[in-house]
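This report refers to the structure that appears directly beneath it.
The values are calculated or read from the model by the stated rules, or taken from the named source; none is laboratory data. Predicted model only: the values in this text are computed from it and were never measured. Note that we place each Cβ from the backbone using ideal geometry, even for glycine, and neighbour counts take in every protein chain shown. Note: accessible area is taken over every heavy atom of the protein model, side chains too, but ligands, DNA and RNA are not part of it. Shrake-Rupley method; radii C 1.70, N 1.55, O 1.52, S 1.80 Å.
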Amino acid sequence: MEKIKLNLDKTYSFIGEKPVINKKDEAEKSNVALTEKTGKGNDFLGWVELPSSIGENELSEVESTVAKLKAKKLDLFIVIGIGGSYLGAKAVIDALSDNFAALKGNSGNPLVLFAGQNIGEDYLYELRELLKVKEYALAVISKSGTTTEPAIAFRLLKQDIEEKYGKTEAKDRIIAITDEKKGALRTLATIEGYKTFVIPDNIGGRYSVLTPVGLVAIAAAGFDIRAMVKGAQDMEAATAPNVPFEENLAAQYAAARNALYENNKKVEILVNFNPKLHFFAEWWKQLYGESEGKKGKGIFPASVDFTSDLHSMGQYIQEGERHLFETVISVKSPDRELCVPKDDANLDKLNFLAGKRIDEVNKMAELGTMLAHVDGGVPNIKIELPLLNEYYIGQLIYFFEKACGISGYLLGVNPFDQPGVEAYKKNMFALLDKPGFEEESKKIKSRL
Ligand code: PA5
């Protein structure tokens, strides 16, 4: 099967090949450290061999659980989670779904909606209104079991689902995905008798999309989790430490972005030319931002959807501060075929495009944008997928994960912790007078 491709030509044209090649040894050592678990954060490296260790039992357990739920003729499957317990599933489902799945509603699969990824009162209120008139089941995902956003959402939706279906039937419509032994959600699941899946101890949230955290929701949306895992397995093999740097896409990407960072390119913009990839960039931003943004260091991960955002962010990218580089995810062939029609009046003067595929126009926009931005001083990395399907999304996920681990080590940080995420929580709890936060409450309120 074909592999995704990485093209660094338009990075080399800025900084030359040398700064990237200079990182070869360190990138290879970092890759070995990930595999041998000798580097920083080595208790969170369960994702490294995850694809090749996913067994038939695990996949069929996910599939049969989802099939049982679907037999209930669900309109909606609600996934409650935030951060790593949300973004992976959302990214994959959006990338693979019909753009208008929510309105067409004829796929034979429930529409997957998310909750607990914000504390928006309107969001939760309006979701609950919708659920009153829909058939639904839900998965609550939290490794710690105590994250405020999903815990609030689950409090509400648990009461609703029990009221709507009765406690016994509600129990059969709730799946809990959490730690194997500890945490509030594990305790609750045991008391209530929910079907559960385990988030392995050694896999952090942002690396968990290939665990039940992502697989359950992706299977519920009707996608082939086996093909996705196969893609990830193939990329695991293609980026293993025994694959030389010159052929190892993850090591090369990690080296290139660090070389650019050292050349004062502090912002990486992940670019797509297919709106289905919008949330893939959100997943990527968490992966790279949370892994690398620490100790006063790290590339700032940003994203744009082109060509839409060329009409908003294009000016800055072309002529603003020159601290940017772009990484473009390019999909070679779209799923569908559509041509520009001829128009006899030709008032828009576009008849020269008549008969051309829409994708040909999009591809020329992509090429033209890349050249314009390169001319404007923005180095470019291109990642090409043959198709947007489960198999290549699986490859892309593992490629970015492996590259992120290597890149974090090259940067000299622990890519597997996120100590900075606690600061807002501490303040929020202090402001809300959480028991145990009395001192913090006094201090923070004196600042107001
Ligand atoms: O990457 C991470 O670890 C975080 O984004 C977590 O996934 C997120 O904070 C949710 O945590 P939990 O699954 O414990 O509710």
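Give the separation of the Cα centroids, region 249-285 to region 47-77, in Å.
Each part reduced to its Cα centre gives a spacing of 30 Å.
What length, rounded to one decimal in nm, is gained on full extension from ASN118 through to GLN318, with 0.36 nm per residue of separation minus their alpha-carbon distance?
68.7 nm
Add -39500 (n - 2.57) for each DSSP H run of 4 or more in the chain, then divide by its residues: what number comes out at 222 nm, to the nearest 500 deg cm²/dmol?
Dividing the helical sum by the residues of the chain leaves -14500 deg cm²/dmol.
Ignoring ligands, DNA and RNA, what accessible area per residue does the chain give at 1.4 Å, in Å²?
Accessible area per residue, the chain: 46 Å².
Let me have the relative contact order for region 351-448, percent, based on Cα pairs under 8 Å that are six or more residues apart.
10
Quick one: which residues, 5+ away or cross-chain, put their amide H under 5 Å from the amide H of ILE80? H built at 1.01 Å from N.
ALA115, ALA139, VAL140, ILE141
In 10 Å bins starting at zero, report the fraction of Cα pairs in the chain per bin as a rounded %.
Computed distribution, short to long bins: 4, 19, 29, 25, 16, 6, 1, 0.
Where the centre of each part is set by its Cα atoms, how far does region 141-190 sit from region 314-352, in angstrom?
If we compute the Cα centre of each part, the gap is 44 Å.
When only C-alpha pairs under 8 Å and at least 6 residues apart count, what is the relative contact order of region 55-207, in percent?
26
Using a 10 angstrom Cβ neighbour count of at most 10 plus a DSSP loop assignment to flag exposed GluC sites (Glu not before Pro), which longest range of the chain is free of such sites?
Between exposed loop sites, the widest span is 1-320.
What stretch of the chain, leaving out the sites themselves, is the longest with no trypsin sites (Lys or Arg not before Pro) in a DSSP loop having at most 12 other Cβ atoms within 10 Å?
My reading of the result: 182-294 is the longest stretch.
State whether region 346-448 is rounded, prolate or oblate according to the following rule on the C-alpha gyration tensor (a ≥ b ≥ c being the square roots of its eigenvalues): a/c under 1.5 gives rounded; otherwise a/b larger than b/c gives prolate, and the remaining case gives oblate.
Prolate.
Sort region 115-208 into rounded, prolate or oblate with this rule: let a ≥ b ≥ c be the square roots of the eigenvalues of the Cα gyration tensor; rounded if a/c is under 1.5, and if a/c is not under 1.5, prolate when a/b is larger than b/c, oblate otherwise.
Cα axes put region 115-208 in the oblate bin.
What's the carbon and sulfur percent of region 256-325's accessible surface, probe 1.4 angstrom, rounded to a whole number?
51
Non-local amide H neighbours of VAL112 (under 5 Å, H modeled in plane, Pro and chain starts lacking H): which ones?
Result for VAL112 returns PHE77.
Using Cα centres only, tell me the gap between region 409-429 and region 290-309 in whole Å.
16
Multiplying the sequence separation of LEU350 and GLU163 by 0.36 nm and subtracting their Cα-Cα distance, what value in nm do you get?
Extra length available between LEU350 and GLU163 comes to 61.6 nm.
Karplus couplings for region 214-221 from phi (6.51 cos²θ - 1.76 cosθ + 1.60, θ = phi - 60°), rounded to Hz, Gly and Pro as x?
Going residue by residue, I get x, 4, 5, 5, 5, 5, 4, 6 Hz, with x marking Gly and Pro.
When a/c reaches 1.5 or more, the comparison of a/b and b/c decides; with that in mind, is region 277-318 rounded, prolate or oblate per its Cα gyration tensor?
In terms of gyration-tensor shape, oblate.
Can you compute the FRET efficiency between HIS311 and LEU371 using 1/(1 + (r/R0)^6), with r the Cβ-Cβ distance and R0 = 25 Å? Round to the nearest 0.05.
0.85
Karplus couplings for region 408-420 from phi (6.51 cos²θ - 1.76 cosθ + 1.60, θ = phi - 60°), rounded to Hz, Gly and Pro as x?
3J(HN,Hα) across region 408-420, in whole Hz: x, 5, 4, 6, x, 10, 8, x, 10, 10, 8, x, x.
Through the Karplus equation 6.51 cos²θ - 1.76 cosθ + 1.60, θ set to phi - 60°, convert the phi angles of region 226-238 into ³J(HN,Hα) values in whole Hz; use x for Gly and Pro.
Values per residue, Gly and Pro as x: 5, 5, 5, 5, 4, x, 5, 4, 5, 6, 4, 5, 6 Hz.
With a 1.4 Å probe and every protein chain kept in, tell me what percent of the accessible surface of region 187-247 is carbon plus sulfur.
C and S atoms contribute 57 percent here.
Under a 5 Å amide H to amide H cut-off, with H placed in plane at 1.01 Å, what residues pair with ILE199 once short-range neighbours are removed?
THR178, ASP179, GLU180
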